[in-house]
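The values are calculated or read from the model by the stated rules, or taken from the named source; none is laboratory data. Computed from a predicted model, the values in this text were never measured in an experiment. Note that we place each Cβ from the backbone using ideal geometry, even for glycine, and neighbour counts take in every protein chain shown.
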Amino acid sequence: MPRQSIFDMSFSKVFPMLVQKAERKNRTRAEVYTVTEWLTGYTAEQIDAALESDMTYGVFFTEAPAYNSRAELIKGKICGVQVETIEDPLMKQIRQLDKLVDELAKGRPMEKILR
């Protein structure tokens, strides 16, 4: 069976995993929404609508209403890859959200996460 690209995966399948990762470390769904809103410009209502739709994870990022210009300040490793060195712009955006949720799960204060 061929492996499915993260770009083609359903947003409604991937995003809940980010929430679970944070909740396992005593962070909240609302905090995951906050970092997602900060990064992408989506509102909580738009994120909920995306969760109810058949939107792919790739489309969620390519159609982000106001991708945060401060996202370039997100640095560090996620899944063994240095975020700031990722060349594919879409993959870089996906990993930036992963990194924000990872920082959240590690207990970093929200004001530092949102740079």
Contacts under 7 angstrom Cβ, first residue in the stretch 73-95 being under 15 Å from residue 57 (Cβ atoms), partner part of a helix (DSSP H, G or I) and among the polar types (S, T, N, Q), 6 or more apart: 90/62
I'd like the full set of residues that are surrounded by fewer than 17 Cβ atoms within 10 Å (Cβ to Cβ) and either of a type in the set (Lys, Arg) or more than 26 Å from residue 107 (Cα to Cα) (or both), limited to the stretch 11-42. 13, 21, 24, 25, 29
Within the stretch 31-56, the residues that are of a type in the set (Ser, Thr, Tyr) and touching a residue at least 12 places away in the same chain (Cβ under 8 Å) are 33, 34, 36, 40, 42, 53, 56
Is it the case that residue 20 is free of Cβ contacts under 8 Å to residues at least 12 places away in the same chain and not in a loop (DSSP other than H, G, I, E, B)? yes
Only one of 74, 113, 86, 78 is β-branched (Val, Ile, Thr), in contact with a helix residue (DSSP H, G or I) (Cβ under 6 Å, 6 or more places away or on another chain), over 20 Å from residue 19 (Cα atoms) and buried (at least 16 other Cβ atoms within 10 Å of the Cβ). Can you tell me which? 86
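Considering the stretch 73-113 alone, what residues qualify as being among the charged types (D, E, K, R) and closer than 17 Å to residue 34 by Cβ?
Going through the stretch 73-113, the residues among the charged types (D, E, K, R) turn out to be 75, 77, 84, 87-88, 92, 95, 98-99, 102-103, 106, 108, 111-112.
98, 99, 102, 103, 106, 108, 111, 112 - these are the residues of the stretch 73-113 that are among the charged types (D, E, K, R) and closer than 17 Å to residue 34 by Cβ.
Against the definition (at pLDDT 95 or above and surrounded by 14 or more Cβ atoms within 10 Å (Cβ to Cβ)), how does residue 45 come out, yes or no? Can you show your working first?
Details: at pLDDT 95 or above: yes; surrounded by 14 or more Cβ atoms within 10 Å (Cβ to Cβ): no.
Taking the combined requirement at face value, the residue does not satisfy it.
Are there any helices (runs of 4 or more DSSP H) wholly within the stretch 27-111 with 3 or more residues that are more than 14 Å from the chain's Cα centre (by Cα) and closer than 16 Å to residue 12 by Cα, and if so which? So that I can check it myself, show each step before the final result.
Values: elements: 29-40, 44-52, 57-62, 89-105.
Result: 44-52.
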